[in-house]
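Each remark here refers to the structure printed beneath this line.
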Amino acid sequence: MKKAITLLFLSTLAAPALADECALVIEGNDAMQYNLKEMSVPATCKEVTVTLNHTGKMPVTAMGHNWALATTADYQAVATAGMSAGADNNYLPKDDPRVLAHTKLVGGGESTSVTFKTDGLAGKDLTFFCSFPGHFAMMKGTFKVG
């Protein structure tokens, strides 16, 4: 009986951990830096939620950040094209299939999230980045599914 109770207790501890592995949090600051260079989720995640917390104090118009995902081969072209797309489009080309997921732009003290499906992303070479003009070269990292 004692063993069964212990197993039951341990299984309740493990359940929230399984749910959380498909939810990631990243921070961006006023020094144009993310706190992570790599993000990953297991292949068992059918969808992922990424939350971006802007830990700085500057407004979105001066130091806005977002989180965008593209293949590594496409990310620079997407970010460059986004500069002419403007702030209303989160500095991302509108309806561009190369943009696999993205959040809106946020300023200091704000947060935003995006939830997206992982179908077809396992094993791909993916890059996350901030598409605010001038940020994408410094604010980027590797994203892995699987």
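Taking region 28-42 as the range and being within 14 Å of F128 (Cβ to Cβ) and either more than 12 Å from the chain's Cα centre (by Cα) or free of Cβ contacts under 8 Å to residues at least 40 places away in the same chain (or both) as the test, the residues that pass are Q33, N35.
One line per residue, one yes/no per condition, for (1) open to solvent by 10 Å² or more (accessible area, probe 1.4 Å); (2) at pLDDT below 95; (3) within 18 Å of F116 (Cβ to Cβ):
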| site | (1), (2), (3) |
| --- | --- |
| E47 | yes, no, yes |
| T51 | yes, no, yes |
| K57 | yes, no, no |
| A62 | yes, no, no |
| N66 | no, no, yes |
| A70 | no, no, yes |
| D74 | yes, no, yes |
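The set of residues in region 30-45 that are surrounded by fewer than 17 Cβ atoms within 10 Å (Cβ to Cβ) and part of a loop (DSSP other than H, G, I, E, B) comprises D30, A31, N35, L36, K37, P42, A43, T44. Considering T61, T49, T103, T80, the condition of being over 16 Å from G141 (Cα atoms), among the hydroxyl-bearing types (S, T, Y) and within 11 Å of the chain's Cα centre (by Cα) is satisfied by T49 alone. Counting the residues of region 70-106 that are out of contact with any Leu (no Cβ under 6 Å at 6 or more places or on another chain) and closer than 23 Å to G56 by Cα gives 11. Filtering region 90-146 to residues that are assigned to a strand (DSSP E or B) and open to solvent by 30 Å² or more (accessible area, probe 1.4 Å) leaves H102, S111, S113, T115, K117, K140, T142, K144.
The values are calculated or read from the model by the stated rules, or taken from the named source; none is laboratory data. From a predicted model like this one, the values you see are computed outputs, not experimental measurements. With ideal geometry, Cβ positions are generated from the backbone for all residues, glycine too; neighbour counts draw on all protein chains shown. Surface areas here come from the heavy atoms of the whole protein model, side chains and all, with no ligands, DNA or RNA. Shrake-Rupley method; radii C 1.70, N 1.55, O 1.52, S 1.80 Å.
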